[in-house]
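Okay, so here's the structure we're looking at.
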Amino acid sequence: KEVECLGCTVRGVTLATLMASFPAVVERVTHWDEQVAKAQWFSGEMENLGFTQLGEKPHRHDILVFETPALFDISQRVRERGFYLYKEMETRGIWGLKPGQTKALEMSTFAATREQLSPVVDSFRSILEKYR
């Protein structure tokens, strides 16, 4: 830590890492409109399933939060409780959901293509149909 700096400062290795990643950040920003359009498409598809996207609409970010009362209702009827959704998505090769989470889901669409996101939407649709 530099002696002249008081309080909490970024230390050398961390600062060097941040500096090295800056070109990648600049590249990400050049495609931001595409990422936002994809997130808005995904949000619309999820809302067509009966989920409610929280936050600003239209969303201008890739991180989305959905209220999913239908998934929570299912969790109240099945033996696995909230873990059924994690297991269902895992069997479909979709990872990243927190085990036990069914009332609301937070997800990011960043760097995924529509072709990669379509199976996610289809999986939620399939799960809803399976347990109705």
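Looking only at residues in region 85-117 that are assigned to a helix (DSSP H, G or I) and touching a residue at least 12 places away in the same chain (Cβ under 8 Å), the one that is surrounded by the most Cβ atoms within 10 Å (Cβ to Cβ) is L85. The set of residues from region 53-81 being out of contact with any helix residue (DSSP H, G or I) (no Cβ under 9 Å at 6 or more places or on another chain) and either without any contact (Cβ under 8 Å) to a residue 24 or more places away in the chain or under 12 Å from V121 (Cβ atoms) (or both) comprises G55, E56, Q76, R79.
The one condition from (1) of a type in the set (G, A, S); (2) open to solvent by less than 60 Å² (accessible area, probe 1.4 Å); (3) part of a loop (DSSP other than H, G, I, E, B) that A70 does not meet is (3). What number goes with the only condition from (1) under 24 Å from S126 (Cβ atoms); (2) assigned to a loop (DSSP other than H, G, I, E, B); (3) without any contact (Cβ under 8 Å) to a residue 60 or more places away in the chain that G50 does not pass? With (1) under 24 Å from S126 (Cβ atoms); (2) assigned to a loop (DSSP other than H, G, I, E, B); (3) without any contact (Cβ under 8 Å) to a residue 60 or more places away in the chain applied to G50, the lone miss is (3). Close Cβ contacts (under 7 Å, 6 or more residues apart or on different chains) running from residues in region 19-41 that are touching a residue at least 40 places away in the same chain (Cβ under 8 Å) to residues that are in a helix (DSSP H, G or I) comprise K38/R114; W41/R114.
For region 36-58, the count of residues that are among the hydroxyl-bearing types (S, T, Y), under 15 Å from Y131 (Cβ atoms) and open to solvent by less than 70 Å² (accessible area, probe 1.4 Å) is zero.
The values are calculated or read from the model by the stated rules, or taken from the named source; none is laboratory data. Small disclaimer: the values here were computed from a predicted structure and weren't measured. Every residue, glycine as well, gets a Cβ built from its backbone with ideal geometry; the counts of neighbours run over all protein chains shown. Accessible surface areas use protein heavy atoms only, side chains included; no ligands, DNA or RNA. Shrake-Rupley method; radii C 1.70, N 1.55, O 1.52, S 1.80 Å.
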